Amino acid sequence: MNTKIITIETPLTPKELTEKLQSMTVTDFSQLHNPTPAAYYGEITAYTFNIMNVRYGPMSSFPPIKGEIKEGVNKTIVNIKMDIQEHYKMSRTMYYTTLLPIGLIVMLLSFLVLGGTEYQLQGFIFSGSFIACAILVVFLTKSSLISTKKRELKDFASKINGKIISA
């Protein structure tokens with residue numbers, strides 16, 4: 001899950017591309033209360049941008065689309081970077097440092113307190129569920145971030161009349 005630079009090629013000139021991005025972007029999330037056709041919010045300069053889809057708020061755990069615009073021959077190259085690694089690590093740390101220790105503590109208590117009784121198996125199943133939940137949530141978070149990133153990049157490329165040439 002290394003952060004790779006994705007290259008999008010578009011027939012628009014850099015100026016046309018910047019204007020198109022500015023037409024579908026507002027500078028602040030709070031401006032979205034007004035009825036605007038904005039698809040993104042963030043900053044756009046002549047050769048760089050840092051935008052986020054309006055579906056995700058400023059406190060969202062999904063990363064922004066950071067891009068660099070380069071002029072080519074009869075085309076414009078847009079290099080995009082979306083760092084989902086940071087958000088995955090945060091999620092992994094959060095769940096592994098809470099649910100795994102709770103599961104292990106419950107398992108230890110089941111062994112020490114309920115050892116030799118008919119309830120010991122139930123204690124092990126209960127503690128195993130904490131451990132399984134931690135692993136499952138981290139896996140689902142990773143797959144969700146990857147699929148959302150692919151969908152967002154595909155959607156962004158179509159909005160700028162471009163195509164993804166390397167991912």
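The values are calculated or read from the model by the stated rules, or taken from the named source; none is laboratory data. What you are looking at is a predicted structure, and each value in this text was computed from that prediction instead of being measured. Cβ placement follows ideal geometry from the backbone for every residue including glycine, while neighbour counts extend to all protein chains displayed. These area figures cover heavy atoms from the full protein model, side chains too; ligands, DNA and RNA do not enter into them. Shrake-Rupley method; radii C 1.70, N 1.55, O 1.52, S 1.80 Å.
Check THR76, THR45 and return the single one that is within 19 Å of GLU19 (Cβ to Cβ) and touching a residue at least 40 places away in the same chain (Cβ under 8 Å). Full working, then the answer.
Details: THR45 fails: touching a residue at least 40 places away in the same chain (Cβ under 8 Å).
The match here is THR76.
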### Message
Going residue by residue through segment 139-159, is there one that turns out to be surrounded by fewer than 17 Cβ atoms within 10 Å (Cβ to Cβ), among the polar types (S, T, N, Q) and not in a helix (DSSP H, G or I)?
### Response
no
### Query
Which residue, of PHE130, PHE111, is of a type in the set (Phe, Trp, Tyr) and at pLDDT 90 or above?
PHE130
### Task
Tally the residues that are open to solvent by 40 Å² or more (accessible area, probe 1.4 Å) and touching a Gly at 6+ places or on another chain (Cβ under 6 Å), restricting the search to segment 37-63.
1
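Counting only residues that are touching a helix residue (DSSP H, G or I) at 6+ places or on another chain (Cβ under 8 Å), of a type outside the set (A, V, I, L, M) and not in a helix (DSSP H, G or I), which one in segment 71-91 is surrounded by the fewest Cβ atoms within 10 Å (Cβ to Cβ)?
Taking segment 71-91 as the starting set, the residues that turn out to be touching a helix residue (DSSP H, G or I) at 6+ places or on another chain (Cβ under 8 Å) are 71, 76, 78, 80, 82, 84, 87-88, 91.
Those still in the list that are of a type outside the set (A, V, I, L, M) too: 71, 76, 87-88, 91.
Remaining after also requiring not in a helix (DSSP H, G or I): 71, 76.
Working: GLU71: 12, THR76: 21.
The extreme case among them is GLU71.
So which residues in segment 129-153 are in contact with a Phe, Trp or Tyr (Cβ under 7 Å, 6 or more places away or on another chain), within 19 Å of ILE5 (Cβ to Cβ) and not hydrophobic (A, V, I, L, M, F, W, C), if there are any at all? Reasoning before the result, please.
If we filter segment 129-153 for residues that are in contact with a Phe, Trp or Tyr (Cβ under 7 Å, 6 or more places away or on another chain), which is where we start, we get 134, 137-138, 141-142, 145, 148.
Going one step further and asking which of them are within 19 Å of ILE5 (Cβ to Cβ), we end up with 145, 148.
The one that is in contact with a Phe, Trp or Tyr (Cβ under 7 Å, 6 or more places away or on another chain), within 19 Å of ILE5 (Cβ to Cβ) and not hydrophobic (A, V, I, L, M, F, W, C): THR148.
Among the residues of segment 111-136, write down those that are β-branched (Val, Ile, Thr) and open to solvent by 80 Å² or more (accessible area, probe 1.4 Å). Show your work before the answer.
The first filter runs over segment 111-136 and keeps only residues β-branched (Val, Ile, Thr), leaving 113, 117, 125, 131, 135.
Within segment 111-136, VAL113, ILE125, ILE135 qualify.
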### Message
Pull out all pairs, ordered by first then second residue, where Cβ-Cβ is under 7 Å, the residues are six or more apart or on different chains, the first lies in segment 88-106 and is more than 21 Å from GLY123 (Cβ to Cβ), and the second is open to solvent by 50 Å² or more (accessible area, probe 1.4 Å) and assigned to a helix (DSSP H, G or I).
### Response
TYR88/LYS142
